[in-house]
Amino acid sequence: MSELENTHDQRNIINPAIMQTAGTSAVEQKLKVANKRQQDKLIAAIVTGDITCLSNPEVRINDDVKNYFLDQLARGGISEDQTKQIFARIGSTDPAKHQEKRRQYEEQYNILVDEAMKRRKSELTPRPVPLDRMAPSDSREWLNNTRIDGDTYESGGQEYKLNIAHLEQFGLGPKYKADFGGKEIGLSDVYMVGRHPAIVGYVKDGKQVSARSFYQSKSQGMWRLLPDYTVNRKPADGKKWYGKGYDEQSTNLPFQLQKACEQIIKTGIKNITDQTDPNFVFLGTAKRYANKDEYNEKLHHTHEMRGDYYREVNPNGQKIISQRSNSGKIPPEAVDVANNLQPDFSQKFAEYTVNTDLYGSVTTEVFPSQDLSLNYIFCRDKNQRAWVSGIESVSNLTDTGVYRKWVDGGDLITPPMEYGSSAGGYGNDKIKDGKYVDMFTNYLSKVPIIQKYLRLNRAGKNQI
């Protein structure tokens, strides 16, 4: 048994040892008769048991194996490092004899990797998502199948439970729909909750539909899911606080859903204040807690949080900023990411305009990372202040309307106007808006990724 057979019985690895010669018709025949479900096991068996193809220097690649290899590599199912280790072992018992053959395999492998990356780029480039107006009959069918997983809403000492009859009465049933990553989502008209635009989202899973509250954040301008809230910030202070889940970045809607919400808001705002307290609708889809002390105790210590969000979303985000500070913000010059995670400004996935309460009209642009694993959402206002409002790790969309996986962007997600208590000593007190203080002048303008984005924008080089 060869060294290759001995050391690589790994079911999730496909490697160029499967590259075939013109004479290996038996292996070729096996691949032709294999169906998709059997192919993985069959190829693994060939890798570990049938390596006679290594004996012929006239290398060619069976199309079935090539396509399987490309599909797996494009989806991250093959470890490049492990595959290179296999190459290093080819002919290791007789390096002089097999050096040329190994060179041929490595050359073929590099061609495959290039092709796989082109395929992956094509697969991961988001397609336009059309927002369709729903027929009244479809809207009624969706409403009839809608579940509302919120707690009762308390007002004036009374408890009120939101139901689908209320949503229909207030004109907030599903009016638009689109397919986001294979999951159909319906969206109502926009209504206002205080200074926040809000939408009722209807996330469909089979026949069942779940009603969710989406709203636009003031500080970031991002549309988010509301998983829960507290009646009081502090005991009995009467000031409601919107829950942020595991982290506010984990509640951001996918950028294509963000764009859809912005399309709807341009059609106008529905006034429901003459029919109900908007908080009844907005908070009626979410879980309720007495105050932030109770909330933090259940979230961080007893792990007793309720609702679909906590069952479906990963509790820990992908950390992309290596340097951290326990006492405040890290220096802006140190806010950077690894080369493969840097935004690729040569590609632009989307551009749209967001109207915000705090920044006015904001241009939003979406760029992938160099390795295509992340999407960066950049914002720029009329004063040429720029910030990263969100970073996505594309994964399965949950029934709450947010991705299962999320990115912890650390200080890279600093908004241009931040709560003074969160400014970390970098706030510019010359520019304030209520409790918010300017963070662009002393912080964001010195972050390398923001500097590059603004520099390229001024030069007009980030257009595709």
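Kindly indicate whether Gly410 is surrounded by fewer than 16 Cβ atoms within 10 Å (Cβ to Cβ), out of contact with any Pro (no Cβ under 9 Å at 6 or more places or on another chain) and closer than 17 Å to Gln220 by Cβ. Can you show your working first?
On the way: surrounded by fewer than 16 Cβ atoms within 10 Å (Cβ to Cβ): no; out of contact with any Pro (no Cβ under 9 Å at 6 or more places or on another chain): yes; closer than 17 Å to Gln220 by Cβ: yes.
No, not satisfied.
Restricting attention to the stretch 358-381, the residues that are surrounded by 18 or more Cβ atoms within 10 Å (Cβ to Cβ) and part of a strand (DSSP E or B) total 15. With respect to the conditions (1) at pLDDT 95 or above; (2) more than 30 Å from Arg147 (Cβ to Cβ), Val407 lacks only one, and its number is (2).
Of the residues making up the stretch 133-171, those that are among the polar types (S, T, N, Q), over 29 Å from Ala290 (Cα atoms) and either in contact with a Ser or Thr (Cβ under 6 Å, 6 or more places away or on another chain) or surrounded by 17 or more Cβ atoms within 10 Å (Cβ to Cβ) (or both) number 1. All conditions but one from (1) within 24 Å of Ile391 (Cα to Cα); (2) outside the structural domain of Arg404 (by TED's automatic domain parsing); (3) not hydroxyl-bearing (Ser, Thr, Tyr) apply to Val337; the one that does not is (2).
For the stretch 382-398, enumerate the residues that are under 22 Å from Ala211 (Cβ atoms) and either among the hydroxyl-bearing types (Ser, Thr, Tyr) or buried (at least 21 other Cβ atoms within 10 Å of the Cβ) (or both). Even if it seems obvious, please write down each step before you answer.
Our first condition is that a residue be under 22 Å from Ala211 (Cβ atoms); within the stretch 382-398, this holds for 396-398.
Result: Thr398, single match.
When the residues of the stretch 88-147 are narrowed to those that are part of a loop (DSSP other than H, G, I, E, B) and at pLDDT below 70, which ends up farthest from the chain's Cα centre (by Cα)?
Kept after step one, since they are part of a loop (DSSP other than H, G, I, E, B), are these residues of the stretch 88-147: 90-94, 125-131, 134-135, 145.
Next cut, at pLDDT below 70 only: 90-94.
Details: Ile90: 39, Gly91: 43, Ser92: 43, Thr93: 46, Asp94: 48 Å.
Ranking the candidates gives Asp94 first.
Among the residues of the stretch 163-212, write down those that are in a loop (DSSP other than H, G, I, E, B), over 17 Å from Lys259 (Cβ atoms) and at pLDDT below 95. Explain how you work it out, then say what you get.
Within the stretch 163-212, the subset in a loop (DSSP other than H, G, I, E, B) is 163, 170-175, 181-182, 194-195, 206-207.
Going one step further and asking which of them are over 17 Å from Lys259 (Cβ atoms), we end up with 163, 170-174, 182, 194-195, 206-207.
Within the stretch 163-212, Gly182, Gly194, Arg195, Gly206, Lys207 meet the criteria.
Closer than 21 Å to Ser322 by Cα, in contact with a Ser or Thr (Cβ under 9 Å, 6 or more places away or on another chain) and among the charged types (D, E, K, R), is that true of Asp381?
For Asp381, the condition - closer than 21 Å to Ser322 by Cα, in contact with a Ser or Thr (Cβ under 9 Å, 6 or more places away or on another chain) and among the charged types (D, E, K, R) - is not met.
Being in contact (Cβ under 8 Å) with a residue 60 or more places away in the chain, in the same structural domain as Glu262 (by TED's automatic domain parsing), of a type in the set (D, E, K, R) and over 25 Å from Asp357 (Cβ atoms) is a condition met by no residue of the stretch 163-177.
Have a look at Phe378, Phe367 and point out the one that is under 16 Å from the mean Cα position of the chain (by Cα), of a type in the set (Phe, Trp, Tyr) and farther than 24 Å from Gly427 by Cα.
Details: Phe378 fails: farther than 24 Å from Gly427 by Cα.
Going through Phe378, Phe367 in turn, just one is under 16 Å from the mean Cα position of the chain (by Cα), of a type in the set (Phe, Trp, Tyr) and farther than 24 Å from Gly427 by Cα: Phe367.
Picking from residues in the stretch 300-353 that are under 20 Å from the mean Cα position of the chain (by Cα) and basic (Lys, Arg), the one that is nearest to Gly401 (Cα to Cα) is Arg311. Counting only residues that are β-branched (Val, Ile, Thr), within 16 Å of Phe378 (Cα to Cα) and buried (at least 17 other Cβ atoms within 10 Å of the Cβ), the stretch 413-464 holds 5 of them.
For the stretch 424-464, a tally of residues being under 24 Å from Gln323 (Cα atoms), in contact (Cβ under 8 Å) with a residue 60 or more places away in the chain and either among the basic types (Lys, Arg) or in contact with a Ser or Thr (Cβ under 9 Å, 6 or more places away or on another chain) (or both) returns 8. Tally the residues that are over 25 Å from Met417 (Cα atoms) and aliphatic (A, V, I, L, M), restricting the search to the stretch 352-375. Final tally of qualifying residues: 1. Screening the candidates Lys270, Lys287 for the property of being charged (D, E, K, R), in contact with an Asp or Glu (Cβ under 6 Å, 6 or more places away or on another chain), closer than 16 Å to Gly194 by Cβ and assigned by TED's automatic domain parsing to the domain that holds Leu299 yields one hit, Lys270.
The values are calculated or read from the model by the stated rules, or taken from the named source; none is laboratory data. Predicted model, so just to flag it, every value in this text is computed and none were measured. Ideal geometry is used to build each Cβ from the backbone, glycine not excepted, and the neighbour counts take in all protein chains shown.
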